[in-house]
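Presented below is the structure to which this report refers.
Read-outs throughout are calculated quantities, based only on the coordinates presented, and are distinct from any laboratory measurement. Just so it is clear, the structure is predicted and the values come from calculations on it, not from any experiment. Virtual Cβ from ideal backbone geometry, glycine too; neighbours counted across all protein chains shown.
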Amino acid sequence: WSTWNFFACNINEMVIKETADALISTSLASLGYNYVNIDDCWSRLTRNSKSEMIPDPKTFPSGIKALADYVHSKGLKLGVYSDAGVLTCQVRPGSLFHENNDAELWASWGVDYLKYDNCFNLGLPPQKRYPPMRDALNATERTIFYALCEWGVEDPALWAGKIGNSWRTTDDINDTWTSMTTIADINNKWASYAGPGGWNDPDMLEVGNGGMNYHEYKGHFSIWALMKATHNYAPLIIGCDVRNITAETLEILSNKEVIAVDQDPLGVQGRRVYASGPDGCQQVWAGPLSGNRLAMVLWNRCSKAATITAKWGAIGLQPSISVSVRDLWKHEVVSENTVGSFSARVDAHGCEMYILTPWRTTRSSV
């Protein structure tokens, strides 16, 4: 979970504590949503006389260490935010040229995750600005997930794998259909560069923030999970107010079968494999899973309902193979012995998501 998409700068330590509590009470934490990440605006506008970052005394009077202790007491982890520039995007102190001191301070507080942004960067290349923080974090000997937020400016998928655990491939998401689909398409281009230990990050989820409808949010969540919006440390990052979550939003975010696709140990990012219809709006996205299975999303980006067909050759299956098809939103097997292709009627701006499991042609003797 991250503060930014819903709260932006309107954050305080009570919001963080209440969200940690809500992640537990909704059982989202037990599904793997175990990072509570504070985005921009947690720090004072200036460093202290020792050149250290100071938590804003009005909004975080107890300090970040006390907050980390509280979050850790719930079995969760705490994230903070800084910038690979002289200032953050909301004009707080950045960490450029302060990497070692800042990393040591965060480690002493018990921080587990760093989102590292790209504002006020003095025009210095990101390949020069991001490695010093990697080295500083490693020097603390504390395990801190390092999330580069370079906005995809210099194609970080090409170079960030040796620097961070994840890298943003796009500009910031906003809570609209256009933004979400645009980001999905950009992130899709870099599918082959992701894998265990280093992941394309298409930004945080907007599910539950109100700018899209149920069908659109279901597609948003399904595609982000298929794209492995990071494995093991799982941003799938919730971006709504968990303290006031609706039943509909909770249903989407807590779909165990979809989450399992995101967390599949094979760790291969799914991608768009086929598009048809007006402007390619009838889309098939797919990716391999462990156990010779395949995850598949039929995504209707058209303005009208449509029947979308996935042909075996397009999704990487032998045309003659027989599969069972499990619907991850209906939570049931919808077809037992399907050969050659699979079709489904999909609502406008909706999606259907499946796992295809090949039938064995020979059975081993008992």
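Summary table below
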read-out	value
Residue among Pro288, Pro156, Pro278 with the largest mean-square fluctuation in a Gaussian network model of the chain, springs linking Cα atoms under 10 Å	Pro278
At R0 = 35 Å, FRET efficiency that the Cβ-Cβ distance of Leu266 and Lys65 yields, to 0.05	0.40
Stretchable slack from Ser290 to Asp56, in nm (0.36 nm times residue separation minus alpha-carbon distance)	79.7 nm
Cα-based shape type of the range 3-263, given that a ≥ b ≥ c are square roots of the gyration tensor eigenvalues and the cut on a/c is 1.5	oblate
Dipole of the chain, positive end: most advanced residue of Ala260, Asn138, Val91 [Cβ charges, Cα centre]	Ala260
Full-stretch length increase - Phe97, Thr176 - with 0.36 nm per residue and alpha-carbon distance subtracted	24.8 nm
Positive-end extreme of charge dipole, the range 271-358 - chosen from Leu298, Gly350, Ser276 (charges on Cβ)	Ser276
Where labels lie 7 Å past Cα in the beta-carbon direction, separation of Lys311 and Arg243 in nm	5.4
Helix 177-188 axis, angle to the chain major axis (alpha carbon atoms, nearest 10°)	80
Förster radius 35 Å - calculated FRET efficiency between Asp327 and Glu141 (Cβ-Cβ, nearest 0.05)	0.15
Among 214-224, 248-258, the order from most to least packed when residues are scored by Cβ within 10 Å on average	214-224, 248-258
Within the chain, helix-based [θ] at 222 nm, where runs of 4 or more DSSP H residues each add -39,500 (n - 2.57), nearest 500	-7000 deg cm²/dmol
Acute angle (nearest 10 degrees) that the helix 64-73 long axis makes with the longest principal axis of the chain, alpha-carbon atoms	40
Assigned charges on the beta-carbon of Lys, Arg, Asp, Glu; the chain dipole about Cα centre (debye)	800
Estimated FRET transfer efficiency when R0 is 22 angstrom, pair His215-Lys304 (beta carbons, to 0.05)	0.95
Contact order normalised by residue count of the chain, Cα under 8 Å, 6+ apart, percent	11
Principal axis dimensions, the range 174-269 - Cα atoms, whole angstrom, descending	35, 26, 19
Computed label-point distance, nm, for sites Ser27 and Trp159 using a 7 Å Cα→Cβ extension	4.6
